[in-house]
Amino acid sequence: MRIVFIGPPGAGKGTQAVRLAERFGLFHLSTGEVLRQARAAGDEIGKLAGSYLDQGHLVPDDFVLRVVSERLEDRECLAECLFDGFPRTLRQAEKFDQLLAERGAPLQAAVELIVPEEELIRRLSSRGRADDTAETIRERLRLYEELTVPMSDYYQETGVLQRVDAVGDPDEVFARVCGALGRSPDAEDDV
Ligand code: AMP
């Protein structure tokens, strides 16, 4: 199963992605997490990504695509993976589809978490992560509208998009995500 997880900052993407990966035994590839770890380690990728991360800007497409295509060389990751925070732009999505097609491993679903903007701002302001200042929050929400919304429209056209209401208790949201994938949230229900 290959799934893309889409959602604005504060939509609960990280929490839901971890649960989903655990429930279905998927690799959880969070590009934001890979980039943050690289920055903490001070390696080449981290140095290049650092200034973009600090300003709440997206890292250039080619750079992120390089990080992801390296991971796709791992056959197990390619077979069962949940992509969290990638792709983020229409160009990344198109290139990603090409990378997957070349490997005979098409995407099964793109799950988009939907949360109203005022709720996102409320959640992000109380999160306290280093890159969650008022200024970077506004910038990331603006970028989401500008770059990621055309991408979710693209996934709608290719027929893989599942929009999920992500307001409410995390258990309820998880059940909705599983339902959108045609699966049960409970492992006991598996045959
Ligand atoms: P996230 O943890 O997904 O919110 O990502 C944190 C930061 O990492 C973002 O604000 C971007 O600077 C960078 N980033 C993560 N994934 C991508 C991506 N697919 N394209 C560009 N930048 C990304």
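Worth pointing out:
- Meets criteria (out of contact with any helix residue (DSSP H, G or I) (no Cβ under 6 Å at 6 or more places or on another chain), assigned to a loop (DSSP other than H, G, I, E, B) and either at pLDDT below 95 or among the basic types (K, R) (or both)) for V191: yes
- Applying the condition of being in a loop (DSSP other than H, G, I, E, B) and not hydrophobic (A, V, I, L, M, F, W, C) to the range 49-75 and asking which residue is modelled with the lowest pLDDT yields G56.
- L78 being more than 8 Å from the ligand (Cβ to nearest atom), modelled with pLDDT of 90 or more and surrounded by 14 or more Cβ atoms within 10 Å (Cβ to Cβ): yes
- Checked against the criteria, G46 does not count as part of a loop (DSSP other than H, G, I, E, B), more than 11 Å from the ligand (Cβ to nearest atom) and either without any contact (Cβ under 8 Å) to a residue 24 or more places away in the chain or touching a His at 6+ places or on another chain (Cβ under 8 Å) (or both).
- Those residues of the range 146-173 which are surrounded by 12 or more Cβ atoms within 10 Å (Cβ to Cβ) and over 24 Å from L20 (Cα atoms), in sequence order: L147, P150
Here is a yes/no grid of residues against (1) modelled with pLDDT under 95; (2) within 16 Å of the ligand (Cβ to nearest atom); (3) assigned to a loop (DSSP other than H, G, I, E, B); (4) among the small types (G, A, S):
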| site | (1), (2), (3), (4) |
| --- | --- |
| R88 | yes, yes, yes, no |
| R91 | no, yes, no, no |
| K95 | no, yes, no, no |
| L99 | no, yes, no, no |
| P106 | no, no, yes, no |
| V111 | no, yes, no, no |
| E119 | yes, no, no, no |
| R122 | yes, no, no, no |
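The values are calculated or read from the model by the stated rules, or taken from the named source; none is laboratory data. Values in this document were obtained by computation on a predicted structure and should not be read as measured data. When we count neighbours, we look across all protein chains shown, and the Cβ atoms used for this are built from the backbone with ideal geometry, even at glycine.
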